[in-house]
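Below: one structure, written as structure tokens.
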Amino acid sequence: MTELDPSLNLLPPAFSRGLSGRRVHLIGIGGGAMTPLAGRFTDSGAVVGGSDNGLDPPKSGLLEELG
């Protein structure tokens, strides 16, 4: 199995600048890629919201922790 490089799990610097206080809405926020993306946006200072139908644990818990 191929190892993933965690150093590549970052937003590009130009993308993450200027996100503080900006609002981001993610459609399908409970998806396998959207939940971590919501976390990255939150870490960058964005106010994140989203929509999805029937979130299941553990993603529902993670999104609650992110606020």
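The values are calculated or read from the model by the stated rules, or taken from the named source; none is laboratory data. All values derive from a computational prediction rather than experimental measurement. When we count neighbours, we look across all protein chains shown, and the Cβ atoms used for this are built from the backbone with ideal geometry, even at glycine. When the accessible area is computed, the model is the full protein with side chains, heavy atoms only, and any ligands, DNA or RNA have been set aside. Shrake-Rupley method; radii C 1.70, N 1.55, O 1.52, S 1.80 Å.
Return the residues of the stretch 42-67 that are open to solvent by less than 60 Å² (accessible area, probe 1.4 Å), in a helix (DSSP H, G or I) and either among the charged types (D, E, K, R) or out of contact with any helix residue (DSSP H, G or I) (no Cβ under 9 Å at 6 or more places or on another chain) (or both); say none if nothing qualifies.
Ser60, Gly61, listed by residue number.
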Quiz item: So Leu37 clears everything in (1) surrounded by 12 or more Cβ atoms within 10 Å (Cβ to Cβ); (2) modelled with pLDDT under 85; (3) outside any loop (DSSP other than H, G, I, E, B) except one condition, right? Which one?
Solution: (2)
Quiz item: What single numbered condition from (1) at pLDDT below 85; (2) open to solvent by 80 Å² or more (accessible area, probe 1.4 Å) fails to hold for Gly18?
Solution: (2)
